[in-house]
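Laboratory data are not the source of any read-out in this text; all were calculated from the coordinates shown. As the structure is a computational prediction, the values presented were derived from the model and not from experiment. Here Cβ is always computed from backbone atoms with ideal geometry, including for glycine, and neighbour counts include all displayed protein chains.
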Amino acid sequence: MESHGPVRRRRYARALGWAVAMFAVTGGVTPVISAATAEPAYAALCSGSMCTGLDPYSAGCASNAAAVRTANISNGNGTGRVELWYSYSCNANWAVTRSYSGSKSLWAGVWGRDYGTMSGQYENLSGYNWIYTNMINGSWVTCAGGDNSGGNGPQVNTACV
């Protein structure tokens, strides 16, 4: 049987050499790299007009987004809030309507002006504490609207950019 002693010594010497080099380059601080603690990369599936009609969560646009405008809902049906969301990575908007008390028959809409034309996305659902719309192009002048009576109430609260 052959001895693997010289091969092991060369591998050990090479590994030791890399360790000494890393120690010298980093000033004695050894970087720790762990794939388990790395932030996951979210790749958006669309941008601008290509996002129109897509779900913001499924398209990866909600991971880099914020509510840029809000409006409170307070009427005989209860209380809630309308939110206009914007995704920085996708350049797209969508609306969220939340119910804090009272009616769970919610309506949400987001619309914008694109060269004089109005277009948007709308949702009307019952039994949920919050709903959201699909996205529209974030390059437009955009408004979000919401109501806690299924869209049939006396007012639709709006939040516009």
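Which value, in debye to the nearest 20, gives the size of the charge dipole of the range 48-160 about its Cα centre, when Lys and Arg are +1 and Asp and Glu are -1 at the Cβ?
180
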Based on the Cβ-Cβ distance of SER74 and VAL141, what FRET efficiency does E = 1/(1 + (r/R0)^6) give at R0 = 35 Å, to the nearest 0.05?
-> 0.85
With 0.36 nm assigned to each residue of separation and the Cα-Cα distance removed, LEU45 to ASN129 gains 27.5 nm
In cubic angstrom per residue, the convex hull of the range 48-160 built on its Cα atoms measures 86
Would you tally the net charge around ALA95, using a Cβ to Cβ cut-off of less than 14 Å, leaving ALA95 out, and scoring K and R as +1, D and E as -1?
-> -1
